[in-house]
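Asks: I am attaching a structure below and will ask some questions about it afterwards.
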Amino acid sequence: MPQMQSTETAASRHADVAAAIDYLVRHYAEQPSLDDVARVTGISPHHFQRTFKSWTGLSPKRFLQYVTLVHAKKLLKGRTILLDTAFDLGLSGPGRLHDLFVACEAVTPGEYKQRGLGLSIRYGLHDSPLGRVLIGVTERGICGLRFVTGGDDTGGDDAAAVNAFADDWPAAELIPDTDKTSKAAAEAFDFAFSKAPGGKPPRLLVMGTNFQIKVWEALMRIPRGGVVSYQDIARAIGRPSAVRAIGGAVGANPIGLLIPCHRVILKSGAIHNYRWGVERKHAILAIEQAGLGK
């Protein structure tokens, strides 16, 4: 994915792609044409096709093919083998776990109790084809990645997103620094969508209960493009009766995309619930799946 820029032209492209993705997810059952989707963005079909592909890595038609509940249900049928492979062997696809490992470090029990006291976090807001994001970075890694729009906890604006992020780290020093976070944001999206094959995976720093961290670690073992159910996660961590608690931990994930809570769906195959909007969850899964077939 091209590196994020602050120019008005780049911001306009972000908005065009974000609007198109939202339209495709909401209207996939109607199988809209290229002209239909381009009309939403207000640019020519030819220019829109090129813009969409440059940001997502696939054509609008290819993206549309994967935005279906039927496809998700088919994916779910292979969940047992997928989890057994990922958990028992530590592998996915050609010998990689979450496509190279996301190095994840948890704060110590003492740091958890102090809720970030003594920790400096630089944060910034950046545009992306999946919507505006807030990302927080420490010397030990990315500690937060949340979408600004589409979730009840953000209210759909920058200030609310910053406030919600501050609630996660109430005792930490928060420093606005888009220069520092722009590189981290670009690298996070490049890694999440395989735009930099073989690139160094980002480091993460998480703060949560032991149970939450165990669930988040399990999420990172789901291979790119795969989906599992809440029951599968519960079984995999040895807590088969804790499905409701699993759902709570999945929903509390503080680092979108890199801790892939979007890969957990209902056992019926329905794409259900996402902290930052179910439409965005559809979009992320579609991009991942389409990328596997390129």
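Quick note: the coordinates plus some simple rules give every number you see, no bench work behind them. Fair warning: this is a prediction, and the values are worked out from it, not measured in the lab. As a convention, Cβ positions derive from the backbone with ideal geometry for all residues, glycine included, and neighbour counts pool all protein chains shown.
Asks: Beyond a 31 Å Cα-Cα separation, which of these cross-linked pairs lie in this structure: 113/267; 180/267; 61/214; 180/281; 53/214; 61/267?
Replies: Flagged as over cut-off: 113/267; 180/267; 61/214; 53/214.
Asks: Continuing with this model, one more query. Determine, from the Cβ-Cβ distance of residue 108 and residue 175 and an R0 of 30 Å, the FRET efficiency 1/(1 + (r/R0)^6), rounded to the nearest 0.05.
Replies: On the way: r = 22 Å, r/R0 = 0.74.
Efficiency at R0 = 30 Å is approximately 0.85.
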